[in-house]
1. So which residues in the stretch 84-93 are at pLDDT 95 or above and either crowded, with 23+ Cβ neighbours inside 10 Å or of a type in the set (Asp, Glu) (or both), if there are any at all?
2. Can Gly155 be described as without any contact (Cβ under 8 Å) to a residue 12 or more places away in the chain, outside any strand (DSSP E or B) and not hydroxyl-bearing (Ser, Thr, Tyr)?
3. From the residues in the stretch 128-144 that are under 19 Å from Cys161 (Cα atoms) and not in a loop (DSSP other than H, G, I, E, B), which one is farthest from the chain's Cα centre (by Cα)?
4. Assuming Asp103 fulfils every condition listed in (1) surrounded by 18 or more Cβ atoms within 10 Å (Cβ to Cβ); (2) modelled with pLDDT of 90 or more; (3) farther than 27 Å from Gly208 by Cβ apart from one, which condition is it?
5. Looking for whichever is surrounded by 15 or more Cβ atoms within 10 Å (Cβ to Cβ) and without any contact (Cβ under 8 Å) to a residue 60 or more places away in the chain here; the options are Ile129, Ile72, Ile123, Ile62. Which one fits?
6. On the basis of being out of contact with any Phe, Trp or Tyr (no Cβ under 8 Å at 6 or more places or on another chain), modelled with pLDDT under 60 and surrounded by 13 or more Cβ atoms within 10 Å (Cβ to Cβ), does Ala29 make the cut?
7. So, in the stretch 200-247, exactly how many residues are touching an Asp or Glu at 6+ places or on another chain (Cβ under 7 Å), polar (S, T, N, Q) and either on the phi < 0 side of the Ramachandran plot or at pLDDT below 95 (or both)?
8. Farther than 22 Å from Ile167 by Cβ, in contact with a strand residue (DSSP E or B) (Cβ under 9 Å, 6 or more places away or on another chain), outside any loop (DSSP other than H, G, I, E, B) and polar (S, T, N, Q), is that true of Ser93?
Amino acid sequence: MKKTTKAASLSIMMFAMVGMIGFIPSASAEGVGKGGYQLNLLAKHWEKADGAINCDNNGHKIFVPLQGKFKINLSEGDFAVGDCNATDDRVASFYLPDPLDLDNDGVVDEGLGCNVEEKTCTIGYHVYIRALGAQGKSITVGPTCAEADLVGDDGINESYCSTDDPIEVKTASGKGGGAKFQDISKELLTICVDYLDDGFDLEGNPIGDGNCDERIALFDDDFENFMWNFDNDGVRNTQLRFVIGTNTVG
């Protein structure tokens, strides 16, 4: 886990970060509006998309299946799309800042961090989501997962997926699609970890009890191979908006 906290002003640092990581402050979910970095998950029929997708200069877009599950592998860095095509193997990749270390200097920013006892994290930005398209469609978000070797010294990583419930995001009718942004920072920027220390199965593998033992933020030092999981049911455009603002989740 990250232990050190820098002694800089968080508010000053956040505004200085605007130019570097490409998003600007905003205050409310519905008011996300013009501010923030936006990532669009654009859905295509995967069986029809072969050869029709070019990731060069794709901007803030990831192409995803119109139906079924896909995942987005996550790496720490300035906001950017890596692999923009999840229609072929149902896997894409995306870069985003450490929510506890926005300037990526390896030190937790002042005022941010996770509380072990309370199972909360105070993070440096929000993620909002809305689903656009025909009424009656939905996309399920979560769980966020990562890998770590926490139960032994065998060097074998186990997968840890958040115990938070997945969120179903539905399309809506009305002006502009009628869909309102909703905050899913907890589900996408943190993982509530069940540490698999609640016993062993018949084959000697560690098991958990399904309950949260500790909440961590993305890119915690003890974990690697972070990923988001999605299950799309017909949503044509899922918008993710990332906006600076201190946010305590848990």
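1. The one that is at pLDDT 95 or above and either crowded, with 23+ Cβ neighbours inside 10 Å or of a type in the set (Asp, Glu) (or both): Ala92.
2. Numbers: without any contact (Cβ under 8 Å) to a residue 12 or more places away in the chain: yes; outside any strand (DSSP E or B): yes; not hydroxyl-bearing (Ser, Thr, Tyr): yes.
Here the answer is yes, as Gly155 does meet what is asked.
3. Within the stretch 128-144, the first condition is being under 19 Å from Cys161 (Cα atoms), and the residues that meet it are 139-144.
Okay, now just the ones that are also not in a loop (DSSP other than H, G, I, E, B), so 139-141.
Numbers: Ile139: 14, Thr140: 13, Val141: 9 Å.
It comes out as Ile139.
4. Among (1) surrounded by 18 or more Cβ atoms within 10 Å (Cβ to Cβ); (2) modelled with pLDDT of 90 or more; (3) farther than 27 Å from Gly208 by Cβ, the lone unmet condition for Asp103 is (2).
5. Answer to the selection: Ile62.
6. On the way: out of contact with any Phe, Trp or Tyr (no Cβ under 8 Å at 6 or more places or on another chain): no; modelled with pLDDT under 60: yes; surrounded by 13 or more Cβ atoms within 10 Å (Cβ to Cβ): yes.
It is false that Ala29 is out of contact with any Phe, Trp or Tyr (no Cβ under 8 Å at 6 or more places or on another chain), modelled with pLDDT under 60 and surrounded by 13 or more Cβ atoms within 10 Å (Cβ to Cβ).
7. 1
8. Numbers: farther than 22 Å from Ile167 by Cβ: no; in contact with a strand residue (DSSP E or B) (Cβ under 9 Å, 6 or more places away or on another chain): yes; outside any loop (DSSP other than H, G, I, E, B): yes; polar (S, T, N, Q): yes.
When the stated conditions are applied, Ser93 does not pass them.
The values are calculated or read from the model by the stated rules, or taken from the named source; none is laboratory data. This is a predicted model, so every value here is computed, not measured. Heads up, the Cβs are rebuilt from the backbone with ideal geometry, glycines too, and the neighbour counts pull from every protein chain shown.
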